[in-house]
Amino acid sequence: MLLMRVNYEELGLNLNHLYEILATTFSIGKLKNKIVPNTACMGIRLINDTTIKITPYPDTTTSKNLKANRYISINFIDDIYLYALAALKNLKPNLLFIEFPSKYYNYYVITEELSQINNLNLKYISVPFIDKAWAVIFCKAIEEQKVIKKNSLGEVKLSEFKLDIISFKKYKESFKLFNRAENLALEIILLATRLKVAKEKNDLLLFHKIHEKIINHIENVARFGKNERALKAIEIARNYINLLMD
């Protein structure tokens, strides 16, 4: 498969900078011909014009899907509400949605022999992507290594995947920068995912520290005016956090 060179400057990107995107991977359903998409909020780094690196936690669906099927779409989104839908899910069935809504997916056909994927003799695969994205980069994982990084949660083990860029679609111009309310909403979303990890680690001090920061950010979002998409994202975060407080 030929690699594609992406004009990253056209997207307003810089090499080796960390960018928050929505990563969509897939698994094969029990019927052996059904694509089951999964979307998560992730950070990526563009290493050069043909290579991206992504570092999900090893036990996440993103990591498992990349190991099994290798293909991924990198979705550039300018709607903060979609970040909330992708990041704050799978907590408790019937209380919150447990997967990214299927109505936002479209599919990109890659034609190649895929007999090694789940022992299926397929001649093409439909890679899911988010049709609300203003640009999408389609990639194939070619290398994985384990890395240890330090953050506010301590040392964490991650699976770092090297991705080859195989296709690129730009659907519209967007060099949108989130306004302050949207930036705070994104920070709340990321903090909510860390709050879940702190609870799982039974680290009460860290849990309350993160929770206090979230509450302060939520109060500040309300002060910056009525941003409908940011407020909808905050509502999802509130419900998610309330479940964690049980």
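FYI, it's all coordinate maths here, none of it is from the lab. These numbers were taken from a predicted model, which means no experiment stands behind them. Backbone-built Cβ (ideal geometry, glycine too); neighbour counts: all protein chains shown.
Computed values, structure above
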{"read-out": "Radius 15 Å from Cβ of K209, net charge of other residues (Lys, Arg +1; Asp, Glu -1)", "value": "+2"}
{"read-out": "Length released on extending from V109 to K67, taking residue separation times 0.36 nm less the Cα-Cα span", "value": "13.1 nm"}
{"read-out": "Gain upon complete extension [R223, N7; 0.36 nm per residue less C-alpha separation]", "value": "73.9 nm"}
{"read-out": "Rg over Rh, two decimals, the stretch 124-241 (C-alpha only, Kirkwood Rh)", "value": "1.04"}
{"read-out": "Calculated mean projected area of the Cα convex hull in nm² (choose from [x] 13.7; [y] 18.4; [z] 11.7), label", "value": "[x]"}
{"read-out": "Nitroxide proxy distance, nm - points 7 Å out along Cα→Cβ at V156 and E144", "value": "1.8 nm"}
{"read-out": "Charge sum, other residues only, whose C-beta stays under 13 Å from I234's C-beta, Lys/Arg counted +1 and Asp/Glu -1", "value": "0"}
